[in-house]
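Engineer: Got a structure here, written out as structure tokens. Questions coming.
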Amino acid sequence: MSVLVFVENHAGQFKKAAYEAASYAVQLAAQMQTTAAAVVLGTVAEDTVRSLGKYGIQKVVCVQDALLDGFEAHAAAKAVAEVAKGIGAGVVVLSNTYTGKALAPRLAVKLQAALAAGAVELPELNGQDLMVKRTVFSNKGFADLALKTAVKVISITPNSYKLVENEVAIEVENRNGVVSAADFKAKVVEVKKVTGKIPLTEAELVVSAGRGLKGPENWHMVENLANALGAATACSKPVSDMHWRPHDEHVGQTGITIKPNLYIAIGISGAIQHLAGVSGSKVIVAINTDKDAPFFKIADYGIVGDAFEVLPKLNEAITKFKAAN
Amino acid sequence: MKILVCISNVPDTTTKITFSPDNKSFNATGVQYIINPYDELALTKALELNEVAGGGTVTVVHVGLADAEPNLRKALAVGADDAVRIDAAPTDGFQVASEIATYAKDKQFDLILCGRESIDYNGGVVPGMLAEMLDLPEVNVITSITINGGLSQVERDIDGGREALEVSLPFVASCQKEITEPRIPNMRGIMMARSKPLQVLPAQGGALHTEVSEYALPAAKAGCRFLEVSEVEKLVELLHSEAKVI
Ligand SMILES: Cc1cc2nc3c(=O)[nH]c(=O)nc-3n(C[C@H](O)[C@H](O)[C@H](O)COP(=O)(O)OP(=O)(O)OC[C@H]3O[C@@H](n4cnc5c(N)ncnc54)[C@H](O)[C@@H]3O)c2cc1C
Ligand SMILES: Nc1ncnc2c1ncn2[C@@H]1O[C@H](COP(=O)(O)O)[C@@H](O)[C@H]1O
């Protein structure tokens, strides 16, 4: 029973989360004393496909049907399930991105497999079961989930598993004719990519602000800091509710859950619903005028001070640091 | 249109999460349960779609125990026409999806709306599984939806942006915030809800695919290191050399 990883591509490119999934699959296969193969859908250049070898993937099945260039869950599930059955995969690994979230449940049903969505660590083997750690209650807890079926599907939370380099020779098998037009149930009419800023769900560094910033006209300070750092911008719920910022920046229990390496919270009180979406961040910096703001309870570093004074200073310090490093 | 809305019953967002002493179960003592916030959006959107279409019905379905009934009544008060509770403790996404699929398969719903994820177990798996079991298309994390005849235009979040799609009815969709604002029941709605049908159906049962063996709370933070406003350069240095994040 080998491990198969679905490596998602975006316009022919693999993002970091895709390599994390590949790394995870390789380490899991080693634990299970088997090998890891990958499946790639649509048109991806051979050099890009071969880059998976750097992380220990020995075999890649490329389902090259051009129809698969745009992601559609129904057709993608069919293609991945067919490859998984073909190689006798015992575990299918994918990323818990929007793409993975659309694909994993369908795949699990097709393979009659137990699904662990949003794993944060490598599983433990327990007889035939896998024990997978995942977050529950919006980051307020963890659960060890036992996957009790013969075939298993695991989707992993981006930025929770480190890349492990382990270069091997890689074999590429091209397949065609796996899907037909009838397998595509939803038709993509338009794709609007975020341009000019780093997508929040992929960001390793995030600068976020709340009502303490007083109004949308002050957000240039937040954006300047984010630009200086190479960070994405985020906000609290009231800020997006009042249309100071777009909805896709709202983080928290009812917004996006993120897990960056660094989260800088400026003028955000740290309500439990906000923290639920960001407490998985590796390092948290809070800047708030109120020394009793709840955010300081989960922050690693704190500055009690006025954002309007701290932000320009911090921006300057970051710019200086970046110039020197 | 004949719309089905799947509703899960979750701890209030302000709940402080604790587990039993042996860490085998969630400690529900004193916890207030609410309709999953995304499912409130799905319900409101279903009502709005029928208002635009000039008619139709909205059924809410829940897989769970009797303690969820006050929230099903709330859904009726918001405007659903009838409620169905499938009597089983929900423990696994596959189980929940199977029960709903069994219920829905011969009912000819035009549309099935779910939430993007339940805020307790955060799987976001029921809608996709349900769609696969019913052999329907599914669009996840939708932020808008309109319907013209048998065709629907939806927008959904994707990695690094947004996508507009066209999909034929019937299909399953999971709702993301921005799709609408939740409707709050009024007095009249609450009165009417009392006489609306709430049907309890037996569960089909079946082997579970997953089981939680243990819960844990996140490790406590070491504590916050405070710096002065004048020490921003030091902060940057600490983020670099101590925290190693920049
Ligand atoms: C069902 C439900 C779901 C929710 N989901 C979410 C969610 O997903 N995400 C979310 O964020 N919230 C959510 N909330 C709202 C949450 O409870 C809080 O109301 C919200 O997070 C507060 O936003 P805030 O911190 O920006 O504003 P406030 O609470 O008003 O805090 C502003 C902070 O700024 C500080 N401040 C003021 N001036 C300055 C200054 N000049 N410099 C520095 N600091 C300053 C203040 O001391 C204060 O701490 C939800 C609420 C409910 C009921
Ligand atoms: N027990 C349940 N009964 C009915 N619908 C549910 C139940 N659990 C989840 N759902 C639906 O599936 C969506 C996603 O839930 P989940 O897969 O648990 O994250 C929810 O927003 C609901 O619409």
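Bear in mind these aren't lab numbers, they're just calculated from the coordinates by the rules spelled out. As the structure is a prediction and not an experimental result, all values here were calculated from the model. We place every Cβ from the backbone using ideal geometry, glycine too, and count neighbours over all the protein chains shown.
Engineer: Looking only at chain B, where both bridge partners belong to it, what percent of the DSSP beta bridges are antiparallel (to the nearest 5)?
Structural biologist: If we restrict to bridges inside chain B, about 40 percent are antiparallel.
Engineer: At a temperature of 37 °C and a viscosity of 0.692 mPa s, determine how fast chain A diffuses translationally according to Stokes-Einstein, using the Kirkwood radius over alpha-carbon pairs as Rh; express D in µm²/s, rounded to the nearest whole number.
Structural biologist: 156
Engineer: With a ≥ b ≥ c the root eigenvalues of the C-alpha gyration tensor of the stretch A:205-324, is it rounded (a/c under 1.5), prolate (a/b larger than b/c) or oblate?
Structural biologist: Note, shape of the stretch A:205-324 comes out rounded.
Engineer: What distance in nm separates the simple spin-label points at A:Lys322 and A:Thr34, each placed 7 Å from Cα in the Cβ direction?
Structural biologist: 4.6
Engineer: Quick one: compute a quarter of the convex hull surface over the Cα atoms of the stretch A:137-233 and quote it in nm².
Structural biologist: Mean shadow area of the hull around the Cα atoms is 13.3 nm².
Engineer: Something else now. What percent antiparallel are the DSSP beta bridges of the protein assembly as shown, to the nearest 5?
Structural biologist: For the protein assembly as shown, the DSSP antiparallel bridge percentage is about 35.
Engineer: In what sequence, highest mean first, do B:40-50, A:233-243, A:182-192 appear when ranked by Cβ atoms within 10 angstrom?
Structural biologist: Answer by packing, highest mean first, reads B:40-50, A:233-243, A:182-192.
Engineer: Where in the stretch B:168-246 are there trypsin sites (Lys or Arg not before Pro) that are in a DSSP coil and have at most 13 other Cβ atoms within 10 angstrom of their Cβ?
Structural biologist: Here the trypsin sites (Lys or Arg not before Pro) that fit, given the DSSP loop and packing criteria, are B:Arg194, B:Lys221, B:Lys244.
Engineer: Once you have the Cα-Cα distance between B:Asp106 and B:Ser25, take 0.36 nm times their residue separation minus that, and quote the gain in nm to one decimal.
Structural biologist: 25.6 nm
Engineer: Just to confirm a number: summing +1 for Lys and Arg and -1 for Asp and Glu over residues other than B:Lys24 whose beta-carbon lies under 13 angstrom from that of B:Lys24, what do you get?
Structural biologist: Taking every other residue near B:Lys24 into account, the sum is -4.
Engineer: Tally Lys and Arg at +1 and Asp and Glu at -1 over the other residues with C-beta under 10 Å from the C-beta of A:Val61: what net charge comes out?
Structural biologist: That works out to -1.
Engineer: For chain A, take the longest principal axis of its alpha carbons; what is the angle in degrees between that and the long axis of helix A:98-110, to the nearest 10 within 0 to 90?
Structural biologist: Here the helix axis deviates by roughly 30 degrees.
Engineer: If you don't mind, there's one more thing I want to ask. What number, in nm² with one decimal, is the all-direction average of the projected area of the convex hull of the alpha-carbon atoms of chain B?
Structural biologist: 18.0
Engineer: Which FRET efficiency value, to the nearest 0.05, do you get for B:Lys234 and B:Asp12 by plugging their Cβ-Cβ distance into 1/(1 + (r/R0)^6) with R0 = 41 Å?
Structural biologist: 0.50
Engineer: Cα gyration tensor of the stretch A:34-83, axes a ≥ b ≥ c as square roots of the eigenvalues: rounded (a/c below 1.5), prolate (a/b > b/c) or oblate?
Structural biologist: Here the stretch A:34-83 falls in the oblate category.
Engineer: Let me check I've understood the local charge: for A:Val188, count other residues with C-beta under 9 angstrom from its C-beta, Lys and Arg +1, Asp and Glu -1. What total comes out?
Structural biologist: -3
Engineer: Another one. Once you place label points 7 Å from the Cα toward the Cβ at A:Lys282 and B:Ala220, how far apart are they in nm?
Structural biologist: Between A:Lys282 and B:Ala220, the simple spin-label model gives 2.5 nm.
Engineer: Here's another thing I want to ask about it. Just to be sure I understand the model, the point goes 7 Å from the Cα along the line to the Cβ. What's the resulting A:Leu125 to B:Glu166 distance in nm?
Structural biologist: Each label point is offset 7 Å from its Cα along the Cβ direction, giving 5.1 nm.
Engineer: Right, here's the next one. Just to be sure I understand: of the beta bridges DSSP finds with both ends in chain A, what percent are antiparallel, rounded to 5?
Structural biologist: 20
Engineer: Given R₀ = 60 Å, FRET efficiency for A:Ala150-A:Lys291 by Cβ-Cβ distance, to 0.05?
Structural biologist: 0.60
Engineer: Under the definition of partner shielding as Cβ atoms of other protein chains within 10 Å of a residue Cβ, what is the mean value for peptide A:298-309?
Structural biologist: Across the residues of A:298-309, the mean count of other-chain Cβ atoms within 10 Å is 5.
Engineer: With an 8 Å Cα cut-off and a minimum separation of 6 or more residues, compute the relative contact order for chain B in percent.
Structural biologist: So the answer I get is 24 percent.
Engineer: I want to check a number: in the stretch A:1-148, how many lysine pairs have alpha carbons closer than 18 Å, given a sequence separation of 8 or more or different chains?
Structural biologist: 12
Engineer: Using 0.36 nm times the number of residues separating B:Ala89 and B:Ile184, minus their current alpha carbon distance, what extension gain do you get?
Structural biologist: Computed gain between B:Ala89 and B:Ile184 is 31.5 nm.
Engineer: Hey, how much of the P(r) for the stretch B:201-246 falls beyond 17 Å, as a percent of Cα pairs?
Structural biologist: For the stretch B:201-246, the share of Cα pairs beyond 17 Å comes to 65 percent.
Engineer: Other chains' Cβ within 10 Å of A:95-102 residues: what's the mean?
Structural biologist: Per residue, the number of nearby Cβ atoms from other chains is 6 on average.
Engineer: Number of Lys-Lys pairs in chain B under 18 Å by Cα, sequence gap 8 or more or different chains?
Structural biologist: 11
Engineer: At a Förster distance of 22 Å, what's the computed FRET efficiency of A:Lys85 paired with A:Ala181, Cβ-Cβ distance as r, to 0.05?
Structural biologist: 0.50
Engineer: Relative contact order (percent) for chain A, with alpha-carbon contacts under 8 angstrom and 6 or more residues of separation?
Structural biologist: That works out to 14 percent.
Engineer: Per the Cauchy relation, a quarter of the hull surface: what is the mean projected area of the convex hull of the alpha carbons in the protein assembly as shown, in nm²?
Structural biologist: For the protein assembly as shown, the mean projected area of the Cα convex hull comes to 26.0 nm².
Engineer: Relative contact order for the stretch A:184-283: what is it in percent, counting Cα pairs under 8 Å that are at least 6 residues apart?
Structural biologist: Here the relative contact order equals 29 percent.
Engineer: Peptide B:16-26: average number of partner chain Cβ atoms within 10 Å per residue?
Structural biologist: 2
Engineer: Hey, another quick one. When N is the residue count of the stretch A:249-291, what does its C-alpha Rg come to as a fraction of 2.2 N^0.38 Å?
Structural biologist: Rounded to two decimals, the normalised Rg is 1.07.
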